[in-house]
1. Just the residues that are among the basic types (Lys, Arg) and closer than 26 Å to Gly291 by Cα, please, taken from the stretch 60-90.
2. Mind listing just one residue for me: the one in the stretch 468-491 that is in contact with a strand residue (DSSP E or B) (Cβ under 6 Å, 6 or more places away or on another chain) and among the polar types (S, T, N, Q) and, of those, least open to solvent (accessible area, probe 1.4 Å)?
3. Quick one: is Ser108 of a type in the set (Gly, Ala, Ser), farther than 16 Å from Val540 by Cβ, modelled with pLDDT under 95 and part of a helix (DSSP H, G or I)?
4. Filter the stretch 298-319 for residues that are among the β-branched types (Val, Ile, Thr) and in a strand (DSSP E or B); which is nearest to Pro382 (Cα to Cα)?
5. Regarding the stretch 237-250, can at least one residue be identified that is touching a Gly at 6+ places or on another chain (Cβ under 7 Å), buried (at least 16 other Cβ atoms within 10 Å of the Cβ) and under 30 Å from Ile442 (Cα atoms)?
6. Please list, ordered by residue number, the strands (runs of 3 or more DSSP E) wholly in the stretch 320-434 having 2 or more residues that are within 20 Å of the chain's Cα centre (by Cα) and surrounded by 17 or more Cβ atoms within 10 Å (Cβ to Cβ).
7. Please go through the stretch 46-96 and pick out each residue that is buried (at least 17 other Cβ atoms within 10 Å of the Cβ), of a type in the set (A, V, I, L, M, F, W, C) and not in a strand (DSSP E or B).
8. Being of a type in the set (Lys, Arg) and touching a Cys at 6+ places or on another chain (Cβ under 7 Å) narrows it down to one of Arg383, Arg363, so name that one.
Amino acid sequence: MSKTTASQAQCVGSRQRCPQAQGLESLASLVQTCEESPNPIPTHIAGRIPSWVKGSFLRNGPAKFEFGDDKYTHWFDGMALMHRFQLCNGEVTYSSRFLRSDSYVLNSEANRIAVSEFGTMALPDPCKNIFARFFSRFKMPKPTDNASVNFVKYRGDYYVSTETNFMRRVDPESLETKEKVDWTKYIAVNSATAHPHYDREGATYNMGNSYGKNGFFYNIIRVPAPDETDELRDAADLAGAEVICTIPSTDPRKPSYYHSFVMSENYVVFVEQAIKMDMLKALLLRVQNKGWNKMMVWEPHTNTIFHLVNRHTGQISKVKYSGVPMFALHQINAFEDNGVLVMDMCCGDDGAVIADFTLENLRRPGGEEMDKWYNSMCRNLPRRYALPLNVDEDTPLDQNLITLPYLKATAVKTAPGEVFLTHEELYNEELCKLGGCEFPHINYEKHNGRPYRYFYACGFGHVFSDSLLKMDTHTKELKTWRYPGLYPSEPVFVAAPNATEEDDGVVMSVVITPRHDKSSFLLVLDAKTFTELGRAEVPVDIPYGTHGVFNNSA
């Protein structure tokens, strides 16, 4: 893309750059309650699964959407179902279990929705008298432990996580639920993301909120690497967890929503974006019995602020980095090069998308109704930002501080201590035809926080992803895997033994379809050529999920 074209493209919203859809099919069957399969079942192999791929592909996501006559409102509210594909010597078995969270157990015992979720408020207990039911509407509900977003790792143990203060430790082999872990028992945060980062020494970094009479704060958390005592212990332990940096919200009444954060070898970047949580709405929503998703507001006139923090010292940069309003769920990667922090993210121009993922919308009939909703939604596209790290009082005003020849992103000092960033579009027009991309994944073990070339992601020609892609960040060339009626999940890269190149390995994704029952499969692609190697066909229904990891030790 030329500089002129890139400049023009930044004046056009990401939705307008992608084509309008016509005749989209219904996805209702992909968000229906499914049964668990706790005992491993064999799969049918079509093609070939490389024998060197040994371990467990773990996935998470919502899969139970009602209890008794009560039905959830939002897709995120469904009860967590954990999936495990065990790969060994070219064979694959599949198993799944519902997370036995307190939410799941209480709902099951009551045969109704007894615990509030993101988009669904639990109704007062019908056994209480009328006064108790009335006053219960003025109490803030306890956070859920329905950890349906991701598998994460702390001190050598696997947990499933959502975006509250609760996680659940799990057995990655049996998928059995273990103890509940409350972040507030270890450090002063009220929540944590489901997308931590890991450094090369084994420590885990995350971000969490805290709030009180002094305001609303974003906190960078560090949990130390496991030591020799962790292997002897069968219990959750976040000992040594600490808050290394606390960042005050620019607007304490409307703090920024965030789903992930940026980390390079030496820095953490927290992106305070224009999608906000309106805290003043919280009590009103409770009285009205409406979900927390109604707290989310998009403020398109609010600039993005990039908070730069030294992750070794916890020191916040005195430079205020900002850019035009944007919305980002997932970062791709970040690295440092000659005094510049380069960070890549999947970004859009409208943050209202999260609240829209109601089950009513997702279950729309195919055709005009689905087309209208999809065409109104934001499209996320990969963008590259560049932060100059050595800005001081002698740095000149009103000139581009980014001089690395391969970067088209700019950074201009507009006032003392202030730098304005303009992003580079990290794609070509072919990606727009695929509807943009999300759920990015890289060769994390070797290239997280370091220079890289390739990322893998889902293309969104429908509300749920309908293609897989491999992007070359150097050339912006694209490789794709796409078939009508097939909806792949987040691609996960697994490196080959003794790999010498960044893309030596395979990419795995769970593929589902609304067109046939019990026709899901685990797809294995050659990461270099992005061609299909094999499928492990599963004789059960699998719903559309969220995130997963590959565990090569099980």
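The values are calculated or read from the model by the stated rules, or taken from the named source; none is laboratory data. A quick note: this is a predicted structure, and the numbers were derived from the prediction, not measured. Glycine also receives a Cβ, built like all others from the backbone with ideal geometry; neighbour counts cover every protein chain displayed. Accessible surface is based on the protein model in full, side chains and every heavy atom, while ligands, DNA and RNA are left aside. Shrake-Rupley method; radii C 1.70, N 1.55, O 1.52, S 1.80 Å.
1. First, pick out the residues of the stretch 60-90 that are among the basic types (Lys, Arg): 64, 71, 84.
Listed by number, the residues that qualify are Lys64, Lys71.
2. If we take residues in the stretch 468-491 being in contact with a strand residue (DSSP E or B) (Cβ under 6 Å, 6 or more places away or on another chain) and among the polar types (S, T, N, Q), then Ser489 is least open to solvent (accessible area, probe 1.4 Å).
3. Numbers: of a type in the set (Gly, Ala, Ser): yes; farther than 16 Å from Val540 by Cβ: yes; modelled with pLDDT under 95: no; part of a helix (DSSP H, G or I): yes.
Spelling it out, it is not the case that Ser108 is of a type in the set (Gly, Ala, Ser), farther than 16 Å from Val540 by Cβ, modelled with pLDDT under 95 and part of a helix (DSSP H, G or I).
4. To start, the set of residues in the stretch 298-319 that are among the β-branched types (Val, Ile, Thr) comprises 302, 304-305, 309, 313, 316, 319.
Restricting the remaining residues to those that are in a strand (DSSP E or B) gives 304-305, 309, 316.
Working: Thr304: 16, Ile305: 18, Val309: 23, Ile316: 26 Å.
Across the stretch 298-319, the extreme among qualifying residues is Thr304.
5. Let us first name the residues in the stretch 237-250 that are touching a Gly at 6+ places or on another chain (Cβ under 7 Å), namely 244-245, 248-249.
Those left that are additionally buried (at least 16 other Cβ atoms within 10 Å of the Cβ): 244-245, 249.
Subsequent filtering for residues that are under 30 Å from Ile442 (Cα atoms) retains 244-245.
Checking the stretch 237-250: at least one residue is touching a Gly at 6+ places or on another chain (Cβ under 7 Å), buried (at least 16 other Cβ atoms within 10 Å of the Cβ) and under 30 Å from Ile442 (Cα atoms).
6. Values: elements: 320-323, 327-337, 340-348, 381-388, 410-415, 418-422.
Because the criterion is at least 2 residues that are within 20 Å of the chain's Cα centre (by Cα) and surrounded by 17 or more Cβ atoms within 10 Å (Cβ to Cβ), the strands (runs of 3 or more DSSP E) in the stretch 320-434 that meet it are 327-337, 340-348, 381-388.
7. Result: Ile49, Val53, Phe65, Trp75, Phe76.
8. Details: Arg363 fails: touching a Cys at 6+ places or on another chain (Cβ under 7 Å).
After applying the criteria, what remains is Arg383.
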